[in-house]
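Peer 1: Pasting in a structure now, in structure tokens, and then I'll have a few things to ask.
The values are calculated or read from the model by the stated rules, or taken from the named source; none is laboratory data. Computed from a prediction, not measured in an experiment: that's the story for all the values here. In this analysis, Cβ positions are derived from the backbone assuming ideal geometry, glycine residues included, and neighbour counts consider all displayed protein chains. The accessibility values were calculated without ligands, DNA or RNA, using every heavy atom of the protein model including side chains. Shrake-Rupley method; radii C 1.70, N 1.55, O 1.52, S 1.80 Å.
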Amino acid sequence: MHIVVCMKQVPDSAQIRVHPVTNTIMRQGVPTIINPYDLFAIEEALRLRQKFGGAVTILTMGPPSAEDSLRKALTFGADRAVLLTDRFFAGADTLATTYALATAIRKIGVEFGPPHVVFTGKQTIDGDTAQVGPGVAKRLGLMQLTYVSHIDNVDLEAGTIDVERRSEGGVQKLRSKMPCLISVLEGVNEMRIGSLSDALAAARATIIKWSAQDAGVEDITKCGLRGSPTIVKRVFAPKPRAEKAQFIELGDKPGDAFVDELFKRRPKLESELEQLTRGY
Amino acid sequence: MNDTAKAPAAAGRAAAKKELPEHLKAYKHVWVFIEQERGQAHPVSWELMGAGRILADKLGVNLAAVVVGARNEATQAVVRESFNYGADLAYLVADDILTDYRNESYTKAMTDLVNAYQPEILLLGATILGRDLAGSVATTLLTGLTADCTELDVDAEGSLAATRPTFGGSLLCTIFTLNYRPQMATVRPRVMPMPERVEKPIGRVIEHPLGLVEDDIVTKVLSFLPDRDSTKSNLAFADVVVAGGLGLGSPENFQLIRQLASTIGAEFGCSRPLVQKGWVSSDRQIGQTGKTIRPKLYIAAGISGAIQHRVGVEGADYIVAINTDKNAPIFDFAHVGIVTDAVRLLPALTEAFSKRLSPHQRDRLAS
């Protein structure tokens, strides 16, 4: 079984700060990490390989420094890592990104065998769009299975796969066909700690690096900024509200003081809260 | 390599705006995808009708509701309801194959409709269903899609200006889809206000065939297990919400949030870092990537108030913030601020509220 995982290296958004005076992003020194949602996808891929054998290929598009995250992914036990890196890819929106990734996955199929399953995380923590997975599926004609919480069964002979996926208000149990694209819901598994031998192998491993041309991109105008139908016209800090919070001091009986103050300022709240708590 | 990565180069590109290609000039009118599962329309669809109405009026075009579902009375009821929320007309694809949401059949229905009737703007809810569908529809049509918008407007040239948080929620950016149509955007539930419902007669309904039979669809629904009501969080629609952030210091202290919430009949929530740390489950997350809330009272304890969080709570009528740092951004948008350690204040609040709000219990104890 051949499994491809699409992964992204992202800035650790918890550590991004806005400069208090200039209101600009302070990106210097912000560490990069594997997109946390992608870890669930990697783990799920490794579990499938454990059951059915085969290989796990990790794919990422990004700057040359994304090699760090790929090497990290190899320490978990992935078999190979492909870095799609080229200045032509820079500035890609989600549509242009799916073109590049889909092209590279085709090439991976030619080089290492066509994938049965392509995994992605639910979304990234920097773009937060959840659009790239569906886009890759559509471009490659893969069955699209998003927000998957459990893989119930894989029948390699029949080519079927049964999954549970989160949907609005419940869980859908679906039977679909491979090849498929699965976006994995967060929290459905726990990332393993890689073995010592995997860590050693990862340190020695050669990361496969493909330019647009290496990956088989035929139309460079579909990549990067040029291939992006959306453009960012303006980036700005939110307007501070004219009125800031009124600070209140609560004294030595803070609980009662707070409740008094709150009901004084918002008299209707008292009866509303009374109603909500009736029956408690 | 996301939308944010290209911000520096954007100015030049925007300046070089080209004329909309001739064949795309025929694209007119604003569409809202009315999300429904099992005959129940998702409230986000009506919120989008409100936002869509404003865009359509600015552009001087029609607002259309797009309904896709089983051929039955429930679907018809959703079509009728769309006129009560301001639709000028409705497009309908009704087929029993569409009873359950499946990507293949819904993508086909939507892309066929777009190609046949050519809207300039297409809005969808940023729900599980909406995100699954929007990504494949946009890729099939090879057009732009902006996710999780917090503000929608049209510029002087009539292009959709879609604003969303970026850089992990620390800044906002405005995104355009200039030379492609339709311009697609998703909006999270509760971000746009619910428009007034006005009883109106049903208007023009244009039906379009699905053009698929069950055998054409690969993915089969084996079963559907609805969530138990008891496990559902009602955060998005709660009148009172209490939430905690990293300022709580430890996962054990989150208990203080739950206690206060249950004392005042509130739903409890948290900021994103607590979900990332695994302290609280993700259905309790409030903010850009979690739930958007519009309660009458919101109490934020130990939450610093990054944009990521702010956009999820700005619709609250009254925000009370508790934080040790008097310069925390949450005090920029809260109504009332208390500079103190939430871990020490929360138990006092719980006690004070329980005295004030349960007189029956108090009387009983006294007698």
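Peer 1: How many residues does region B:261-279 hold that are open to solvent by less than 20 Å² (accessible area, probe 1.4 Å) and within 11 Å of chain A (Cβ to nearest Cβ)?
Peer 2: Of the residues in region B:261-279, 6 are open to solvent by less than 20 Å² (accessible area, probe 1.4 Å) and within 11 Å of chain A (Cβ to nearest Cβ).
Peer 1: Do we have B:LEU141 as surrounded by 24 or more Cβ atoms within 10 Å (Cβ to Cβ) and either at pLDDT 95 or above or in contact with a helix residue (DSSP H, G or I) (Cβ under 9 Å, 6 or more places away or on another chain) (or both) here?
Peer 2: It is false that B:LEU141 is surrounded by 24 or more Cβ atoms within 10 Å (Cβ to Cβ) and either at pLDDT 95 or above or in contact with a helix residue (DSSP H, G or I) (Cβ under 9 Å, 6 or more places away or on another chain) (or both).
Peer 1: For a quick check of your reading of the model, give me the residue pairs whose first member lies in region B:174-198 and is in the same structural domain as B:LEU145 (by TED's automatic domain parsing), whose second is of a type in the set (Ser, Thr, Tyr) and assigned to a strand (DSSP E or B), with beta-carbon atoms closer than 7 Å and at least 6 apart or on different chains.
Peer 2: B:THR174/B:THR163; B:ILE175/A:THR230; B:ILE175/B:THR146; B:PHE176/A:THR230; B:THR177/A:THR230; B:GLN183/B:THR177; B:ALA185/B:THR146
Peer 1: Limited to region B:175-199, what total is found for residues that are open to solvent by less than 10 Å² (accessible area, probe 1.4 Å) and in a strand (DSSP E or B)? If you could, list the steps in order and put the result at the bottom.
Peer 2: In the first step, residues of region B:175-199 are kept if they are open to solvent by less than 10 Å² (accessible area, probe 1.4 Å); the result is B:175, B:177, B:182-187.
When the remaining residues are screened for being in a strand (DSSP E or B), the result is B:175, B:177, B:183-187.
The total comes to 7.
Peer 1: Go through region B:212-248 and give me each residue that's loosely packed, with under 13 Cβ neighbours inside 10 Å, out of contact with any Asp or Glu (no Cβ under 7 Å at 6 or more places or on another chain) and more than 30 Å from B:GLU104 (Cβ to Cβ).
Peer 2: Within region B:212-248, B:ASP229, B:SER230 meet the criteria.
Peer 1: On to the next question. So how many residues does region A:234-250 have that are in contact with a Lys or Arg (Cβ under 9 Å, 6 or more places away or on another chain) and within 30 Å of A:ASP93 (Cα to Cα)?
Peer 2: Summing the residues that are in contact with a Lys or Arg (Cβ under 9 Å, 6 or more places away or on another chain) and within 30 Å of A:ASP93 (Cα to Cα) in region A:234-250 gives 1.
Peer 1: Same structure again: At negative phi, buried (at least 24 other Cβ atoms within 10 Å of the Cβ) and in contact with a Leu (Cβ under 6 Å, 6 or more places away or on another chain): is that true of B:LEU256 in this structure? Lay out the reasoning, then the answer.
Peer 2: Working: at negative phi: yes; buried (at least 24 other Cβ atoms within 10 Å of the Cβ): no; in contact with a Leu (Cβ under 6 Å, 6 or more places away or on another chain): yes.
The answer is no for B:LEU256.
Peer 1: Report yes if some residue within region B:125-138 is without any contact (Cβ under 8 Å) to a residue 60 or more places away in the chain and of a type in the set (Asp, Glu); otherwise report no.
Peer 2: The answer is yes; a qualifying residue exists.
Peer 1: Could you tell me how many of the residues in region B:71-89 are crowded, with 23+ Cβ neighbours inside 10 Å and small (Gly, Ala, Ser)?
Peer 2: Qualifying residue count, region B:71-89: 2.
Peer 1: So which residues in region B:111-126 are open to solvent by 10 Å² or more (accessible area, probe 1.4 Å) and outside any helix (DSSP H, G or I), if there are any at all?
Peer 2: Correct list: B:GLN118, B:GLU120.
Peer 1: Counting only residues that are within 8 Å of chain B (Cβ to nearest Cβ), give me the strands (runs of 3 or more DSSP E) lying completely in region A:163-280 with at least 3 of them.
Peer 2: Numbers: elements: A:170-177, A:180-184, A:208-210, A:230-236.
Hits in region A:163-280: A:170-177, A:230-236.
Peer 1: Let me ask you something else. In region B:146-169, what count of residues is obtained for those that are at the interface with chain A (Cβ under 10 Å from one of its Cβ atoms) and open to solvent by 20 Å² or more (accessible area, probe 1.4 Å)?
Peer 2: Of the residues in region B:146-169, 3 are at the interface with chain A (Cβ under 10 Å from one of its Cβ atoms) and open to solvent by 20 Å² or more (accessible area, probe 1.4 Å).
Peer 1: Return the only residue of B:ASP148, B:ASP215, B:ASP153, B:ASP239 being at positive phi and among the acidic types (Asp, Glu). Before the answer, list the steps.
Peer 2: Numbers: B:ASP215 fails: at positive phi; B:ASP153 fails: at positive phi; B:ASP239 fails: at positive phi.
None of the others qualify; the one that does is B:ASP148.
Peer 1: Sticking with this one: Among what's in region A:141-162 and is among the small types (Gly, Ala, Ser) and without any contact (Cβ under 8 Å) to a residue 12 or more places away in the chain, pick the residue that is nearest to the other protein chains (Cβ to nearest Cβ).
Peer 2: From region A:141-162, those among the small types (Gly, Ala, Ser) are A:141, A:149, A:158-159; that's our starting set.
Next, only the ones that are without any contact (Cβ under 8 Å) to a residue 12 or more places away in the chain stay: A:141, A:158.
Numbers: A:GLY141: 10, A:ALA158: 13 Å.
If we take residues in region A:141-162 being among the small types (Gly, Ala, Ser) and without any contact (Cβ under 8 Å) to a residue 12 or more places away in the chain, then A:GLY141 is nearest to the other protein chains (Cβ to nearest Cβ).
Peer 1: Within region A:178-233, can you find the residues that are out of contact with any strand residue (DSSP E or B) (no Cβ under 9 Å at 6 or more places or on another chain), within 30 Å of B:ASP283 (Cβ to Cβ) and open to solvent by less than 50 Å² (accessible area, probe 1.4 Å)?
Peer 2: A:ASN189, A:MET191
Peer 1: Under 6 Å between Cβ atoms, at least 6 apart or on separate chains: pull out the pairs that start in region A:92-114 with a residue that is in the same structural domain as A:GLY127 (by TED's automatic domain parsing) and end on any residue that is among the charged types (D, E, K, R).
Peer 2: Pairs that qualify, where the first residue is in the same structural domain as A:GLY127 (by TED's automatic domain parsing) and the partner is among the charged types (D, E, K, R), are A:ASP93/B:ASP3; A:THR98/A:ARG139; A:TYR99/A:LYS222; A:ALA102/A:ARG139.
Peer 1: Further question: State whether one or more residues within region A:142-157 are surrounded by fewer than 20 Cβ atoms within 10 Å (Cβ to Cβ), out of contact with any Pro (no Cβ under 8 Å at 6 or more places or on another chain), hydrophobic (A, V, I, L, M, F, W, C) and within 30 Å of B:ALA41 (Cα to Cα).
Peer 2: yes
Peer 1: Right, another one. Provide a single number: the residues in region A:94-122 that are more than 8 Å from chain B (Cβ to nearest Cβ) and under 15 Å from the mean Cα position of the chain (by Cα).
Peer 2: Matching residues across region A:94-122 total 6.
Peer 1: What number of residues within region A:63-81 are out of contact with any Asp or Glu (no Cβ under 6 Å at 6 or more places or on another chain) and polar (S, T, N, Q)?
Peer 2: Of all residues in region A:63-81, those out of contact with any Asp or Glu (no Cβ under 6 Å at 6 or more places or on another chain) come to A:63-74, A:76, A:78-81.
Still in the list and also polar (S, T, N, Q): A:65, A:69.
Qualifying residue count, region A:63-81: 2.
Peer 1: Looking at A:LYS233, A:LYS244, A:LYS209, which is the one that is basic (Lys, Arg), without any contact (Cβ under 8 Å) to a residue 24 or more places away in the chain and farther than 30 Å from B:LEU297 by Cβ?
Peer 2: Details: A:LYS244 fails: farther than 30 Å from B:LEU297 by Cβ; A:LYS209 fails: without any contact (Cβ under 8 Å) to a residue 24 or more places away in the chain.
Just one listed residue meets the conditions, A:LYS233.
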